[in-house]
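The structure under discussion appears below in the form of structure tokens.
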Amino acid sequence: MMRRDEHAVPASSPDTLLSPDARIFVAGHRGLVGSAVARLLAAEGHEVITRSREQLDLRDAARTRDFLTRLRPDAVVLAAAKVGGIMANQRFPVPFLEENLQIQLSVIAGAHAADVNRVLFLGSSCIYPKHAPQPIREEALLTGPLEPSNEPYALAKIAGISQVRSYRRQYGRAYIAAMPTNLYGPGDNFDPETSHVLPALIRRFHEAREADRPEVVLWGSGTPRREFLHSDDLARACLLLLRGYDDEMPVNVGCGEDLTIAELAGMVAGAVGFSGRIGWDTTRPDGTPRKMLDVSRLRKLGFVPRIPLGRGIRETYEWWRHSGS
């Protein structure tokens, strides 16, 4: 459980958290989250610094430190991560643990070495116990066992939260962490082997419609409940946190509403135009029964999502159809 340490070194005051002309390094700018954050920051007038993986491998601590020391950005958004759905997490637990640890250690320690005082680390709602009380409050962290199917990934993200908290306590850095719910939007991963549930559903139903198949069979029972937030809404939350939040408690980022996977599948089928049957392979894992975040802390800062799920699904589908992905 994360609690403020009364002996912690005070961090910066809110009026020094992010200047209007701040230069910001967005790590992971090609991904779903990073691309949305980079777009919004640029639209807000910030100079956005990016590097592709070919230019800078964030797993390389020495090169990352040297890069940050040379450019000295005013802030860093750490959106780079090894991510994937249940299948990918089960098949490749080692890279989901090790690569995320390497990236986090490189970027956060490198930012400190470069005297960057503002870092936003983006984690995941997977950090919370499998059977956490719903909706899940930030205080639920480390209060119970994790979901086994993505435990390595979750442990890496928990380590990132601890790293942020440690730099705050020992060095007084204004480093913060945000825990997004399930995300979707332009720039998502639609690969059938590694994608998350919503883009996977979009692709499955699209391909079934194109092939005129009468049925699509999906993993699990369809009963687990999930919450979904558009990546552009996440980007708005990130900017809000960069400008006005400074505490060691991680902040949940979501919409505060959920639905069953079966209901989601129906929405996606409708958006794609698939009118066949939807079946369920109950021999496949469901994952956590329910995962909805308590977003009261974020709402107190003034955040309200703008993109309804139905509209977001339709727009994401159209983006994917025309992107050539």
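The values are calculated or read from the model by the stated rules, or taken from the named source; none is laboratory data. None of these values were measured; they are calculated from a predicted model. Every residue, glycine as well, gets a Cβ built from its backbone with ideal geometry; the counts of neighbours run over all protein chains shown.
Descriptive notes on the structure:
- Residue pairs whose Cβ atoms lie under 9 Å apart, separated by 6 or more positions or on different chains, with the first residue in region 275-297 and more than 30 Å from MET249 (Cβ to Cβ) and the second among the basic types (Lys, Arg) and modelled with pLDDT of 95 or more, are SER275/ARG209; GLY276/ARG209; GLY276/ARG213.
- Of the residues screened, VAL116 is one that is in a loop (DSSP other than H, G, I, E, B) and either within 18 Å of GLU248 (Cα to Cα) or of a type in the set (Ser, Thr, Tyr) (or both).
- Options ARG63, ARG51, ARG39, ARG70; residue that is assigned to a helix (DSSP H, G or I), basic (Lys, Arg) and either touching a strand residue (DSSP E or B) at 6+ places or on another chain (Cβ under 9 Å) or in contact (Cβ under 8 Å) with a residue 60 or more places away in the chain (or both): ARG39
- Selection status of VAL26, in contact (Cβ under 8 Å) with a residue 40 or more places away in the chain and outside any strand (DSSP E or B): no
- No other residue among GLU263, GLU315, GLU248 is modelled with pLDDT of 95 or more and either among the β-branched types (Val, Ile, Thr) or touching a helix residue (DSSP H, G or I) at 6+ places or on another chain (Cβ under 7 Å) (or both) apart from GLU248.
- Search result, residues across region 240-263 that are in a helix (DSSP H, G or I) and closer than 27 Å to ALA159 by Cβ: LEU240, LEU241, LEU242, ARG243, GLY244
- Count of residues meeting criterion [surrounded by fewer than 18 Cβ atoms within 10 Å (Cβ to Cβ), charged (D, E, K, R), in a loop (DSSP other than H, G, I, E, B) and in contact (Cβ under 8 Å) with a residue 24 or more places away in the chain] in region 162-199: 1
- Contacts under 8 angstrom Cβ, first residue in region 239-262 being at positive phi, partner buried (at least 20 other Cβ atoms within 10 Å of the Cβ) and outside any loop (DSSP other than H, G, I, E, B), 6 or more apart: GLY256/LEU293
- Residue count, region 269-285 (criterion: in a strand (DSSP E or B) and either loosely packed, with under 14 Cβ neighbours inside 10 Å or not hydrophobic (A, V, I, L, M, F, W, C) (or both)): 3
- Residue list for region 90-113, filter: modelled with pLDDT of 95 or more and within 19 Å of GLY34 (Cβ to Cβ): GLU99, ASN100, LEU101, GLN102, ILE103, GLN104, LEU105, SER106, VAL107, ILE108, GLY110, ALA111
- Picking from residues in region 142-151 that are in contact (Cβ under 8 Å) with a residue 60 or more places away in the chain and surrounded by fewer than 20 Cβ atoms within 10 Å (Cβ to Cβ), the one that is nearest to LEU17 (Cα to Cα) is LEU142.
- Among all positions in region 200-216, there is no residue which is part of a loop (DSSP other than H, G, I, E, B), of a type outside the set (D, E, K, R), more than 16 Å from the chain's Cα centre (by Cα) and under 20 Å from PRO305 (Cα atoms).
- GLN90 vs. criteria farther than 23 Å from ARG53 by Cβ, in a helix (DSSP H, G or I) and touching a helix residue (DSSP H, G or I) at 6+ places or on another chain (Cβ under 6 Å): yes
- ILE202 vs. criteria crowded, with 20+ Cβ neighbours inside 10 Å, closer than 24 Å to ALA140 by Cβ and either of a type outside the set (S, T, N, Q) or out of contact with any Lys or Arg (no Cβ under 9 Å at 6 or more places or on another chain) (or both): no
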